[in-house]
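Q: The structure under discussion is supplied below as structure tokens; questions concerning it will follow.
The values are calculated or read from the model by the stated rules, or taken from the named source; none is laboratory data. Computed from a predicted structure; not experimentally measured. Cβ placement follows ideal geometry from the backbone for every residue including glycine, while neighbour counts extend to all protein chains displayed.
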Amino acid sequence: MSLTRQQETATRDELKQNFELANIPLNQVASDLDSTPEHVQDVMNLDSDRIEEPWVLKAYLDEKIINNGKQPVPYSALVGDPKQYWFLNNRFIQRGELSR
């Protein structure tokens, strides 16, 4: 599934807003997701090789935000259960790690 330019812009903004709402240092996010800060930033910019990675980051940020008693900013393209999308590797998503 390809996102339109408008969807890409919205998704980048939504990931950024939720990252800020989670209030977790980038280094901690990278450590928790077994990645590097640079790669986490690439994923937030939708500049990663795996289309599953924004889903991994979304799930991580959502969990942290909810655990802090807040509500994540809703997503416009990363919606529903990723298992419903045939083109996503759900085993990768369930691992909860990013590539390096």
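Q: So V43 fits all but one of (1) over 19 Å from N18 (Cα atoms); (2) in a helix (DSSP H, G or I); what number is the exception?
A: (1)
Q: Based on this model, can you work out whether S2 counts as surrounded by fewer than 16 Cβ atoms within 10 Å (Cβ to Cβ), hydroxyl-bearing (S, T, Y), without any contact (Cβ under 8 Å) to a residue 40 or more places away in the chain and in a helix (DSSP H, G or I)?
A: no
Q: Another one. Just to verify a result, which residue in the stretch 31-47, among those that are farther than 19 Å from Q7 by Cα and among the hydrophobic types (A, V, I, L, M, F, W, C), is surrounded by the fewest Cβ atoms within 10 Å (Cβ to Cβ)?
A: Filtering the stretch 31-47 down to residues farther than 19 Å from Q7 by Cα leaves 31-40.
If we keep only those that are among the hydrophobic types (A, V, I, L, M, F, W, C) as well, we get 33, 40.
Numbers: L33: 21, V40: 25.
For the stretch 31-47, the residue satisfying everything is L33.
Q: Oh, and also: Give just the number: which of (1) out of contact with any helix residue (DSSP H, G or I) (no Cβ under 7 Å at 6 or more places or on another chain); (2) acidic (D, E); (3) closer than 19 Å to Q7 by Cβ does E53 not satisfy?
A: (1)
Q: Separate question: Looking at the stretch 19-40, I want the residues that are in contact (Cβ under 8 Å) with a residue 24 or more places away in the chain and charged (D, E, K, R) and have a partner that is in a loop (DSSP other than H, G, I, E, B) and exposed (fewer than 13 other Cβ atoms within 10 Å of the Cβ) with Cβ atoms under 8 Å, at least 6 apart or on another chain. Which pairs are those?
A: D34/R100
Q: Could I ask something else about it? So, in the stretch 22-75, of the ones that are basic (K, R) and modelled with pLDDT of 95 or more, which residue ends up nearest to S99 (Cα to Cα)?
A: Among those that are basic (K, R) and modelled with pLDDT of 95 or more, it is K58.
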